[in-house]
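The values are calculated or read from the model by the stated rules, or taken from the named source; none is laboratory data. Note that the structure is predicted; figures quoted are calculated from it, not measured. Quick reminder, even Gly has a Cβ in these numbers, built from the backbone with ideal geometry, and neighbours come from all protein chains shown. The accessibility values were calculated without ligands, DNA or RNA, using every heavy atom of the protein model including side chains. Shrake-Rupley method; radii C 1.70, N 1.55, O 1.52, S 1.80 Å.
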Amino acid sequence: MEGFNEQVVKRVNGPKQLIIKIIAVFILIMIPLLFAGLAIITRIQYLVIVGGFLFLGGIYVVWYVFSCQKVEYEYSVAGNDLDIAKIISLRKRKKVCRVPINEITELTKDESKIENIRVTKTFIAAHNLKSKDENYFALFNDPAYCKCLLVFTPNEQILEGMKPMLDKTIMLRIFYNRDI
């Protein structure tokens, strides 16, 4: 009987997400000021009302932008497949990749082992890219992209679910700290 293991990991927001939020608020504040300035210059007073309505609509847009910055990744192991999905603010679910576990050629926590390897596609589904001690790097062959790299943050339960399907040398190195 095959097992099913699942994990949800929240992404840590970085400087890019903060800049997006600041720009959204800045644009929201500038809309009524721009229309008020146009109303003063052109002496058309209804532009102030238009700016007010655009400001109210902009509040919704800014809320939507803020909520889209909440990203979670869901890892699930069922049989020989590791499925990774990206969940955006609990509204939208997008499949990131499906990795056949027996196709993984390298699984390591050490980024220096995979730095010099050329990959055609990188899938990032990690909690925090800056935390080097939590992230695992998996190299695998995909029919569409050839050699791919997956950066993810699995817990022990996900690793235990992957254990029976992994290559023997990878399993010994990851779980038993032995090299062959």
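Under a plain spin-label model, where a point goes 7 Å from the Cα along Cα-to-Cβ, how far apart in nm are Lys113 and Arg43?
Distance between label points: 7.7 nm.
Got a sec? Charge dipole of the range 1-132, +1 on Cβ for Lys and Arg, -1 for Asp and Glu; which of Ile27, Tyr75, Val61 is way out at the positive end?
Ile27
Per residue, what volume in Å³ does the convex hull of the Cα atoms of the range 16-100 enclose?
Hull volume over Cα atoms, normalised by residue count, gives 88 Å³.
Strictly over 24 Å apart at the Cα level, which of Lys21/Lys132; Lys92/Lys163; Lys10/Lys113; Lys16/Lys86; Lys16/Lys70; Lys113/Lys147 would you flag in this model?
Result: Lys21/Lys132; Lys92/Lys163; Lys10/Lys113 exceed 24 Å.
Loop only per DSSP, at most 12 neighbouring Cβ atoms within 10 Å: give me the trypsin sites (Lys or Arg not before Pro) in the range 82-135, ordered by residue number.
Sites meeting the loop and neighbour criteria: Arg91, Lys109, Arg118, Lys130, Lys132.
Roughly how tilted is helix 15-42, in degrees to the nearest 10 and between 0 and 90, from the longest Cα axis of the chain?
Helix 15-42 sits at roughly 10 degrees to that axis.
If you keep only loop residues by DSSP, which GluC sites (Glu not before Pro) in the range 92-156 have at most 13 other Cβ atoms within 10 Å of their Cβ?
Answer in residue order: Glu115.
From Cα pairs below 8 angstrom and at least 6 apart in sequence, can you work out the relative contact order of the range 108-158, rounded to a whole percent?
41
How large is the charge dipole for the range 56-180, taken about the Cα centre, if only the Cβ atoms of Lys, Arg (+1) and Asp, Glu (-1) carry charge, to the nearest 20 debye?
460
Probe of 1.4 angstrom, ligands and nucleic acids ignored: what's the accessible area per residue over the chain, in square angstrom?
Heavy-atom accessible area per residue stands at 64 Å².
With only Lys, Arg, Asp and Glu charged, each at its Cβ (+1 for the first two, -1 for the last two), find how big the charge dipole of the range 109-172 is about the Cα centre; round to the nearest 20 debye.
Taking the Cα centre of the range 109-172 as origin, the dipole is about 220 debye.
So what's the angle, to the nearest 10 degrees on a 0 to 90 scale, between helix 46-67 and the longest Cα principal axis of the chain?
The two axes meet at around 10 degrees.
Using only helices, what value at 222 nm comes out for the chain when you add -39,500 (n - 2.57) per DSSP H run of length 4 or more and divide by the total residues, to the nearest 500 deg cm²/dmol?
Helix contribution divided over all residues of the chain: -12000 deg cm²/dmol.
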